[in-house]
Amino acid sequence: MADKEKRRSAAVPSGMSAGKATKSDSDVEFLSQAGVGELLRGAILKMVEARSDDPIGFLADHFCNLASVTDSSPAGCGDEEQMNGGPVSACAQEQQHLNRALWHLRLAHHSQRSAFSNNVRVAYDLLNISACQRGGVRGGLYTQTLQCLCSEGGVPASTSAPLLRRLHCQDHEVVPYDVFRHGVLTCAVFSDYIRQSQKLYAEVCCPHEGPASRALCMAVLGTLKEALETSTGCEPDSIRYLEASAKISPNRLAQAMEGAQSRGPGGNMDAKEFENAAADLFITRVKVVF
């Protein structure tokens, strides 16, 4: 009898009654059945992948998006859940999937290769389900995704339009994953490239003196073109072009600008014209894969 009492007291930590121990066990069982551990683990892994500067905001957005997915996920393409007392229209449902896909694509920068690829796959699957087909994403939805990526990346519509025409797919076409990933990566890199070209223009422009000298701008664009043409490596073309533009040394830039002082066309070039010219150097090198 004494041994049995010892075993019973050992099972309950000192200072904790049997009632409290039972409640603790029931709490653990509830968390396990609800899958809370997996939810938290998944959220933390996503945050680590994204290297977010705002962990609390990231987690809030993550669970908000997760709740949205849970609340509006249809049982099938022809069996939509009720929302606000009525069925979700096909258009509204597609927009929901697009918003979620874009959220995933924003989670990680393209330089974070593994996380970015995982998020592209998730986005593709979301849009594939939205199209009620398993062969690929509808061409029109793919093109809309690229438009949103360029816009959210801060690229003016007039600057991104030539690129989007090059990557464009007809609405009735079915876009496979490899083409989708190529388009998404190209638009993500293009956004960074445009920001880089804007910095280059700032190097030759004195704001208080108005637009920069056309001769200087042409010299910088020539240096940029040379960097793009001589870029090598095993990275995708778009990434190599971005890296090449970022590696133009101040000394190399200064030499080009010095040579332009004594020769070259007269007049000025504003920021928009420079941006369009730099964009054209990038876009003409983008492969059409579909």
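The values are calculated or read from the model by the stated rules, or taken from the named source; none is laboratory data. Everything quoted here is computed from the prediction, not taken from an experiment. Please note that ligands, DNA and RNA were not included when accessible areas were found on the heavy atoms of the full protein model with its side chains. Shrake-Rupley method; radii C 1.70, N 1.55, O 1.52, S 1.80 Å.
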- Task: Mind grabbing the accessible area of HIS97 for me, 1.4 Å probe, Å², rounded to tens?
- Result: 10 Å²
- Query: In bins 5 Å wide, starting from 0, what share of all Cα pairs of the range 132-179 does each bin hold, as a percent?
  - Reply: 5, 23, 29, 20, 14, 7, 2
- Which value, in Å² and to the nearest 10, is the accessible area of THR284 when all protein chains are kept and the probe is 1.4 Å? 80 Å²
- Would you pull out the residues with amide H under 5 Å of VAL175's amide H, same chain only if 5 or more places away, H placed 1.01 Å from N? VAL137, ARG138, GLY139
